[in-house]
């Protein structure tokens with residue numbers, strides 16, 4: 001009996017039909033392959049975890065976005081909403097203290113997004129975690145891997161916006177307001193409400209020129225070469241009043257120094273052109289402690305990936321260990337790729353089926369076995385079709401007919 | 001200058017000041033109007049596309065990247081609660097959020113007693129819910145699409161939450177403001193990805209807008 005609800009799936013979930021599913025798997029495989037070339041090993045964790053384990057991955061200023069359920073003992077479980085926190089749990093509890101650890105993953109995560117925004121609630125992430133390495137070399141390694149993973153699926157035009165959580169920290173150190181106001185500053189910066197941020201900073205007594213200058217730096221994007229120019233600016237600034245305004249606010253100097261180092265290594269990889277520094281880049285997860293980044297591509301209004309350094313997260317699980325990583329959103333990447341990118345690569349040969357049919361079932365099966373051993377994809381039709389019926393069916397499926405009958409065609 | 005941008009323009013009272021502001025930035029397009037049948041205008045010379053749409057939809061267009069930039073009131077931004085970047089306060093289109101009740105609902109000394117379970121009619125359910133939550137009240141929010149001031153007169157609601165610019169509509173409908181809960185002006189909003197990928201064009205336009213706002217002050221409002 002068919003009931004009204006039987007065809008529905010929960011909001012934010014989707015079916016992957018033939019073709020789509022293959023394209024997605026192909027993209028995931030290619031990215032993992034590219035990442036594995038850097039010596040990363042795959043890890044997998046359960047879809048479901050205890051609720052409190054996953055909490056550090058959530059933005060705690062709002063309500064969490066976890067799908068929750070209870071097990072039969074009444075404990076609260078949740079579907080993983082990202083992979084970094086579960087992996088941090090594994091590292092702290094199951095892996096030897098043998099650092100650095102290079103781990104990669106590809107899997108589904110669940111996030112209870114507002115459905116009206118058109119986002120999916122189940123989505124696939126491919127990413128890496130580089131555990132136990134401090135410093136700009138490690139940061140630039142994960143950035144370079146992200147770039148190569150995207151190139152591996154054929155994405156060419158993308159920009160990585162690089163920021164640093166130190167922006168907020170240095171703002172807060174020079175901040176005279178209270179905790180609530182500081183939280184507000186964080187949220188305003190996260191939402192990129194620069195209008196609100198400006199009035200909030202003014203409200204806690206920051207001078208107008210200073211507010212303008214900090215906002216100026218927060219809303220500017222710097223290419224790798226802009227960053228170099230900034231470095232030399234202070235000397236010139238002393239002779240030239242005009243350029244003073246352009247000088248780095250001392251609050252941001254440390255952050256810039258760190259980012260410059262990361263970019264220095266990226267240059268060695270030859271990837272500095274994919275990067276721009278944007279100090280307003282922040283991630284919603286609160287576990288980030290250093291550089292953070294988001295990846296953008298034309299035509300997609302959201303980031304297609306992001307990541308950063310999270311040196312404190314492992315402490316939550318009782319280990320004190322530096323870490324950095326990223327996650328790429330597979331669905332969003334697929335949206336930004338031309339439709340046929342994976343089909344072409346698969347090759348015409350492999351893509352098309354062979355339909356083996358004939359009057360003698362034994363011969364049909366034997367012939368099919370032979371073809372499969374050569375790597376062909378074979379469908380059999382042993383139900384006594386005439387040759388013309390078989391031809392028709394093959395054409396309908398876009399398959400090549402291999403007839404094993406009296407008038408058997410010789411080759412495929 | 002070529003911009004290669006799509007700008008979402010709000011229909012209605014914000015349209016004219018928004019159009020004038022862009023015109024002063026050198027972005028004028030003959031025939032750009034919110035009353036024409038056309039909703040898309042293509043300036044092939046400067047490579048700017050204008051989309052004319054309802055203010056409440058502008059945050060959606062911009063969030064999804066259908067438009068790179070949008071000009072819209074803070075009221076619509078607050079209500080839409082979208083993931084987008086707010087770059088410039090354009091200063092025009094000033095209004096305030098207010099909670100108002102019929103005059104006869106006030107006590108003799110002009111006070112209003114909040115009771116649990118009041119009905120609040122509003123175009124801004126998100127804003128109204130937040131207001132009610134902050135006051136620690138329970139209330140039933142009734143979403144309407146316009147002419148909110150009608151609701152208390154016909155017994156649909158006890159309180160309204162709406163934007164007020166001059167206060168004339170309230171007065172004409174015998175409503176009094178209980179309290180103001182925030183101000184709103186028009187803002188320039190931008191899509192997250194466009195902000196990164198078209199930063200040069202966007203920052204060029206933003207600088208121009210800021211320069212004009214500085215020199216002309218409040219003249220636009």
### Task
Quote the FRET efficiency, to the nearest 0.05, computed for residue A:379 versus residue A:226 with a Förster distance R0 of 60 Å and r equal to the Cβ-Cβ distance.
0.55
## Note on the structure
By Cβ neighbour count within 10 Å, fewest first, A:222, A:353 rank A:353, A:222
### Query
Quick one: of the DSSP bridges fully inside chain A, what percent are antiparallel, nearest 5?
75 percent
### Summary
Residues of the stretch A:175-215 with backbone N under 12 Å of the label point set 7 Å from the Cα of residue B:183 along Cα→Cβ are A:199
### Query
Alpha carbon centre of the stretch B:84-133 versus the stretch A:290-330: separation in Å?
40 Å
### Task
First obtain the Kirkwood hydrodynamic radius of the stretch B:28-104 from its Cα pairs, then insert it into the Stokes-Einstein equation at 37 °C and 0.692 mPa s, and state the resulting D in µm² per second as a whole number.
225 µm²/s
### Summary
Using alpha carbon positions and the Kirkwood radius, the Rg to Rh ratio of the stretch B:43-161 is 1.09
### Message
To make sure I understand, if each residue's beta carbon is the centre and we count other beta carbons within 10 Å, what order do A:331, B:214, B:42 fall in, fewest to most?
### Response
B:214, B:42, A:331
### Task
Compute the relative contact order of the stretch B:1-60 as a whole-number percentage, counting only Cα pairs closer than 8 Å that sit 6 or more residues apart in sequence.
51 percent
### Message
To make sure I understand, if each residue's beta carbon is the centre and we count other beta carbons within 10 Å, what order do B:126, A:84, A:374 fall in, fewest to most?
### Response
A:374, B:126, A:84
### Per-residue [θ]222 nm for chain A (sum of -39500 (n - 2.57) over DSSP H runs n ≥ 4, rounded to 500)
-12500 deg cm²/dmol
### Message
Given contacts defined as C-alpha pairs under 8 Å and at least six residues apart, what's the relative contact order of chain A, whole-number percent?
### Response
17 percent
### Task
Give the Debye-formula value of log10 I(q)/I(0) at each listed q (0.10, 0.11, 0.21 Å⁻¹), with one equal scatterer per alpha carbon of the stretch A:1-135, two decimals each.
-0.43, -0.51, -1.35
### Task
Quote the FRET efficiency, to the nearest 0.05, computed for residue A:199 versus residue B:115 with a Förster distance R0 of 45 Å and r equal to the Cβ-Cβ distance.
0.85
### Message
Please compute the average number of Cβ atoms from other chains found within 10 Å of each residue's Cβ in peptide B:187-200.
### Response
6
### Query
What angle do you read, to the nearest 10 degrees and between 0 and 90, between the alpha-carbon axis of helix B:125-135 and the longest principal axis of chain B?
50 degrees
### Task
Indicate the gyration tensor shape class of the stretch B:95-183 (rounded, prolate or oblate), computed on the Cα atoms with a ≥ b ≥ c the square roots of the eigenvalues: a/c under 1.5 is rounded; otherwise a/b larger than b/c is prolate and the rest oblate.
rounded
### Task
If a/c stays under 1.5 just call it rounded; otherwise compare a/b with b/c (prolate if a/b is bigger, oblate if not). Do that for the stretch A:61-134, with a ≥ b ≥ c from the square roots of the Cα gyration tensor eigenvalues.
oblate
### Query
If you take the C-alpha gyration tensor of the stretch A:351-403, multiply each eigenvalue by 5 and take the square root, what semi-axes do you get, largest first, in whole Å?
16, 14, 6
### Query
Using alpha carbons only, how many degrees (0 to 90, rounded to 10) separate the axis of helix B:15-24 from the longest principal axis of chain B?
30 degrees
### Helix-only mean residue ellipticity at 222 nm for chain B, each DSSP H run of n ≥ 4 adding -39500 (n - 2.57), per residue, nearest 500
-8500 deg cm²/dmol
### Query
So what's the angle, to the nearest 10 degrees on a 0 to 90 scale, between helix A:224-239 and the longest Cα principal axis of chain A?
10 degrees
### Task
Sort largest first and round to whole Å: the equivalent ellipsoid semi-axes of chain B, each the square root of five times a Cα gyration tensor eigenvalue.
37, 17, 15
### Query
With r defined as the distance between the Cβ atoms of residue B:143 and residue A:50 and R0 fixed at 51 Å, what FRET efficiency is calculated, to the nearest 0.05?
0.85
### Query
Could you state the per residue volume, in Å³, of the convex hull enclosing the Cα atoms of chain A?
213 Å³
#### Entry: Within the stretch B:95-183, percent of DSSP bridges classed antiparallel, to nearest 5
60 percent
### Task
With the Cα gyration tensor of the stretch A:34-91 in hand, convert its eigenvalues to equivalent ellipsoid semi-axes via √(5λ) and list them largest first in whole Å.
26, 14, 9
### Query
GNM, chain A, Cα, under 10 Å: largest mean-square fluctuation among A:58, A:228, A:286?
A:228
### Query
What average count of beta carbons from other chains do you get within 10 Å of the Cβ of residues in A:193-204?
3
### Between the stretch B:160-210 and the stretch B:13-48, the Cα center-to-center distance that results, in Å
19 Å
#### Entry: Label-point gap, in nm, between residue A:41 and residue B:203 - each point 7 angstrom along Cα→Cβ
4.4 nm
### Message
Running a GNM on chain A with Cα contacts under 10 Å, which residue among A:78, A:138, A:257 ends up with the highest mean-square fluctuation?
### Response
A:257
### Task
Please find, in a Gaussian network model of chain A (springs between Cα atoms separated by less than 10 Å), the residue of A:29, A:178, A:59 whose mean-square fluctuation is greatest.
A:178
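Coordinate-derived values only; no laboratory data. Everything quoted here is computed from the prediction, not taken from an experiment. Reconstructed Cβ throughout: ideal geometry from the backbone, glycine too, with neighbour counts over all protein chains shown.
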